[in-house]
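What follows is a short report on a single structure.
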């Protein structure tokens with residue numbers, strides 16, 4: 001829906017700019033004709049060219065800031081999300097398949113879907129959403145606390161817990 005809105009907006013801006021340029025050309029031609037018939041002077045070609053150039057520059061700047069720049073930003077964020085997938089993340093593919101990441105390869109990801117634990121190998125570019133990462137970001141924003149990289153990635157440091165449990169066992173044995 002968003003792409004439709006942007007394309008229709010771009011078409012409207014393009015049509016309006018072309019209509020403006022046509023109107024300016026007609027006005028310039030009328031003004032030049034009137035000036036020539038009265039003998040008071042001629043309108044220079046540079047002035048009429050500058051009058052056409054300004055709306056075109058404005059149209060391209062508007063098109064860039066409304067359509068091109070936001071799309072590049074979304075593409076960059078999607079690429080970063082696809083590259084930062086981790087085992088255990090819940091993802092959604094472009095086709096609507098929901099699964100949990102089992103392994104991550106160079107350009108493919110193996111996901112586990114359904115109650116029968118079916119495994120599918122898909123390409124990274126097919127992944128459109130990382131549900132787990134979005135939930136972690138919402139929790140971090142809502143909680144207002146800073147989380148470490150390990151907590152954000154849902155990785156638990158088992159070594160500290162193992163050391164504590166071994167130490168307790170040793171104390172109990174003595």
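The values are calculated or read from the model by the stated rules, or taken from the named source; none is laboratory data. All figures in this text were calculated on a predicted structure; none of them were measured in a lab. Cβ placement follows ideal geometry from the backbone for every residue including glycine, while neighbour counts extend to all protein chains displayed.
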Within segment 41-53, can you find the residues that are touching a helix residue (DSSP H, G or I) at 6+ places or on another chain (Cβ under 9 Å) and either outside any loop (DSSP other than H, G, I, E, B) or at pLDDT 90 or above (or both)? 47, 48, 51, 52
Is it the case that segment 62-82 has a residue that's surrounded by 12 or more Cβ atoms within 10 Å (Cβ to Cβ), at pLDDT 85 or above and touching a strand residue (DSSP E or B) at 6+ places or on another chain (Cβ under 6 Å)? yes
What are the residues in segment 118-140 that are outside any strand (DSSP E or B) and surrounded by 14 or more Cβ atoms within 10 Å (Cβ to Cβ), if any? 124, 126, 132, 133, 136, 140
